[in-house]
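Undergrad: This is the structure, below, for whatever I ask next.
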């Protein structure tokens with residue numbers, strides 16, 4: 001990434017905030033072409049790291065803030081630390097919100113404002129080992145958008161379809177992903 005002066009940084013971020021359909025296409029066109037010609041260039045490794053901390057907690061540096069996660073109150077936590085289950089839902093809300101805004105921009109729909117609500121149901125008997133018949137993890141997750149936009153019913157259907165198709169977190173949760181665990185000492 002280039003180094004910018006304060007004025008250039010401000011202009012860059014204002015352009016991101018005020019982006020329209022043509023701006024998005026202009027930014028994404030060379031990337032799409034590059035990825036078509038060189039598919040290996042589209043493979044990017046995203047990383048996260050947590051530092052196991054005092055008590056039963058783990059500190060995760062998100063790049064913008066340090067978040068300390070701990071036990072949910074339903075498993076004996078105090079509620080003073082972030083719950084990793086909530087962080088998963090937060091990631092889905094953030095990804096879906098960014099994706100729907102990008103899709104709307106690409107198809108010329110103006111979303112004046114909106115809210116992304118994500119809820120998930122957990123049965124803590126699974127994670128606490130109370131019942132082996134109860135699976136560990138979310139039983140269901142609901143994703144709801146409340147939009148103030150100029151979209152027609154047909155455009156809303158397109159927004160739904162494309163947001164579900166292109167939201168990375170949504171697709172990862174929906175289709176599952178291989179996870180390899182390694183312990184080093």
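The values are calculated or read from the model by the stated rules, or taken from the named source; none is laboratory data. Predicted model only: the values in this text are computed from it and were never measured. Don't worry about glycine lacking a Cβ; one is built from the backbone with ideal geometry, like all the others, and counts go over all protein chains shown.
Undergrad: Right, residue 33: at pLDDT 85 or above, surrounded by 10 or more Cβ atoms within 10 Å (Cβ to Cβ) and in a helix (DSSP H, G or I) or not?
TA: yes
Undergrad: Could you check how many residues of region 50-62 are closer than 24 Å to residue 89 by Cβ and at pLDDT below 80?
TA: 6
Undergrad: If I filter region 38-48 for residues that are more than 17 Å from the chain's Cα centre (by Cα), in a strand (DSSP E or B), loosely packed, with under 14 Cβ neighbours inside 10 Å and at negative phi, do I get at least one hit?
TA: So far as region 38-48 goes, no, none of its residues is more than 17 Å from the chain's Cα centre (by Cα), in a strand (DSSP E or B), loosely packed, with under 14 Cβ neighbours inside 10 Å and at negative phi.
Undergrad: Does residue 172 qualify as being on the phi < 0 side of the Ramachandran plot, assigned to a helix (DSSP H, G or I) and out of contact with any strand residue (DSSP E or B) (no Cβ under 6 Å at 6 or more places or on another chain)?
TA: yes
Undergrad: Select, from 103, 116, the only residue that is in contact with a helix residue (DSSP H, G or I) (Cβ under 8 Å, 6 or more places away or on another chain) and outside any helix (DSSP H, G or I).
TA: Just one listed residue meets the conditions, 116.
Undergrad: Further, regarding this structure: How many residues, within region 49-60, are surrounded by 10 or more Cβ atoms within 10 Å (Cβ to Cβ) and in a strand (DSSP E or B)?
TA: Count: 7.
Undergrad: For region 149-169, give me each residue that is more than 25 Å from residue 91 (Cβ to Cβ), touching a residue at least 12 places away in the same chain (Cβ under 8 Å) and in a helix (DSSP H, G or I).
TA: 155
Undergrad: Scanning for something assigned to a helix (DSSP H, G or I), in contact with a helix residue (DSSP H, G or I) (Cβ under 7 Å, 6 or more places away or on another chain), surrounded by fewer than 17 Cβ atoms within 10 Å (Cβ to Cβ) and modelled with pLDDT of 90 or more, does region 74-85 turn up at least one residue?
TA: Yes, some residue in region 74-85 is assigned to a helix (DSSP H, G or I), in contact with a helix residue (DSSP H, G or I) (Cβ under 7 Å, 6 or more places away or on another chain), surrounded by fewer than 17 Cβ atoms within 10 Å (Cβ to Cβ) and modelled with pLDDT of 90 or more.
Undergrad: For region 125-137, which residues satisfy the criterion of being in contact with a helix residue (DSSP H, G or I) (Cβ under 8 Å, 6 or more places away or on another chain), surrounded by fewer than 14 Cβ atoms within 10 Å (Cβ to Cβ) and within 22 Å of residue 176 (Cα to Cα)?
TA: 135, 136, 137
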